[in-house]
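Only one structure is covered here, and it is reproduced in the block below.
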Amino acid sequence: MNLGNLRNLYFLNLNTNRFGSNKPDDLSFIGSLANCTNLRKLILSENQFGGVLPGSIANLSSKLEELWLGRNKISGSIPQEIGNLNNLYFLEIVENMISGSIPESIGKLSKLQQLRIEVNNISGKIPPSIGNITGLSLVNVAENMLEGSIPAELGNCTNLQALNLRINRLTGLIPEQVIGISSLSVAFFLDLNEFTGPIPSQVGNLKNLGALSISGNKLTGELPSALGDCQVLEYLDLHGNFLDGAIPSSLDQLKGIQQLDLSQNNLSGQIPEFLGKLPLMGLNLSHNMFEGEVPKVGVFNNITAFSVVGKNMKLCGGIQPLHLPACPIKFSKKDKRPFPDKMILLFIILPIVLLGRTWNAEMLFAEVKLSVRSQILYKRSNACLLHPELS
């Protein structure tokens, strides 16, 4: 059957079958679909189509809105001709063996709303032309071999709700223009790349974001206090970086946070009490340099819900299953001793002084007595000499 004879074909759905045999010419029939000038949706996902994506894809109907090619065995690169499908708003080529780079012509798809090309072997850089597609709401290029920096032009996509760049080889600083896209509301994943530098303060623009992960990179500097402005966050993962400093007090504003992972960094200071008041179901602070007392309230009362193992050698207290040493007793200003140090010193010195004074008085009294007695004896002796009759 020649599908090209179905000139009024509007919707072709071959999803989840066993079409194709992983041969180079499996997708050659796409050329015949050029006659189907009313075709709006072409769904070929979850089959066994092999071979390369032919350049004849550019001849598909200019009315084509959705192209689904995911979970097949398609190889080769994305053809430059894909940019001719200027009415396309959904492009999905996930879990194939696509290689090569993302073509610059992708920027011609001005109506594209969702771009999904994750789990392939795509390399090269993200083309700056992607910033021309301002209507994008979802971009997922995860689990490829993309390299270079994130183009700042991606920040022009001010309708983005989800951005997933995880598990690539991306480098450089996280662009302020991208981490500050305030429309992001579902997810922003940059984990397992090679990003460096600090987390930009523009992260505070993500006031409606539900999940943020920048773990497994080479980020440095302190946690920005602006993270506290992301009050809708339910999931925050920053583990496996080189972040330092204390946990900022602004994080007490994360009233919806359920999972927080700050492990494997160089964070220090005390573990804030307010973390125990947040609705956390999971908290990982392990392999940092925290010190002081571990709180006992909230998530800290469930040994299976939090972890502080590793380099946190100066921690103390906490619940018994942690087996941490007891914290030293601290005396506050209100907890005064019964006798101040000065009083104790007075109690020690005064008896000595008084004893000294008593001994001196006794000696003086004895000397006076001896002097008086001597004078009496002296007078008596003189009287006997002058008046013998008295003796």
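The values are calculated or read from the model by the stated rules, or taken from the named source; none is laboratory data. Nothing here was measured: the structure is a model prediction, and the numbers come from that model. So basically every Cβ, Gly included, is an ideal-geometry build from the backbone, and we count neighbours across all protein chains shown. Ligands, DNA and RNA are excluded from the accessible area calculation, which covers all protein heavy atoms including side chains. Shrake-Rupley method; radii C 1.70, N 1.55, O 1.52, S 1.80 Å.
The rows are residues; the columns are (1) surrounded by fewer than 18 Cβ atoms within 10 Å (Cβ to Cβ); (2) among the polar types (S, T, N, Q).
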position: E104; (1), (2): yes, no
position: L112; (1), (2): no, no
position: I117; (1), (2): no, no
position: N121; (1), (2): yes, yes
position: I126; (1), (2): no, no
position: I130; (1), (2): no, no
position: I133; (1), (2): no, no
position: L136; (1), (2): no, no
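Scanning for something out of contact with any Pro (no Cβ under 7 Å at 6 or more places or on another chain), under 21 Å from Q113 (Cα atoms) and either of a type in the set (A, V, I, L, M) or not in a loop (DSSP other than H, G, I, E, B) (or both), does region 23-36 turn up at least one residue? Checked region 23-36: no residue is out of contact with any Pro (no Cβ under 7 Å at 6 or more places or on another chain), under 21 Å from Q113 (Cα atoms) and either of a type in the set (A, V, I, L, M) or not in a loop (DSSP other than H, G, I, E, B) (or both).
Is it true that V141 is over 30 Å from L53 (Cα atoms) and surrounded by 18 or more Cβ atoms within 10 Å (Cβ to Cβ)?
no
Looking at L42, L91, L60, just one residue is under 29 Å from S182 (Cβ atoms), touching a residue at least 24 places away in the same chain (Cβ under 8 Å) and either in contact with a Pro (Cβ under 8 Å, 6 or more places away or on another chain) or not aromatic (F, W, Y) (or both), and that residue is L91.
Looking at region 150-158, is at least one residue closer than 25 Å to L262 by Cα and either crowded, with 19+ Cβ neighbours inside 10 Å or within 20 Å of the chain's Cα centre (by Cα) (or both)? Yes, some residue in region 150-158 is closer than 25 Å to L262 by Cα and either crowded, with 19+ Cβ neighbours inside 10 Å or within 20 Å of the chain's Cα centre (by Cα) (or both).
Among the residues of region 159-173, those that are within 19 Å of the chain's Cα centre (by Cα) and either open to solvent by 60 Å² or more (accessible area, probe 1.4 Å) or basic (K, R) (or both) comprise R166, L173. Scanning region 82-102 for residues that are open to solvent by 10 Å² or more (accessible area, probe 1.4 Å) and not acidic (D, E) returns N84, N86, N87, Y89, F90, N96, M97, S99, G100, S101, I102. Scanning region 241-279 for residues that are under 14 Å from the mean Cα position of the chain (by Cα), open to solvent by 20 Å² or more (accessible area, probe 1.4 Å) and closer than 20 Å to A187 by Cβ yields Q258, Q259, D261. Whether a residue is at pLDDT below 95, outside any strand (DSSP E or B) and open to solvent by 20 Å² or more (accessible area, probe 1.4 Å) was assessed, and K330 passes this test. Here region 175-200 is the region considered, the condition is being in a strand (DSSP E or B) and closer than 17 Å to N217 by Cα, and the residue that is most open to solvent (accessible area, probe 1.4 Å) is E194. Of everything listed in (1) touching a Phe, Trp or Tyr at 6+ places or on another chain (Cβ under 8 Å); (2) in a loop (DSSP other than H, G, I, E, B), the single unmet condition for L42 is (2).
Filtered by the rule that a residue be closer than 19 Å to G282 by Cα and either open to solvent by 80 Å² or more (accessible area, probe 1.4 Å) or over 26 Å from the mean Cα position of the chain (by Cα) (or both), region 302-319 gives T304, V309.
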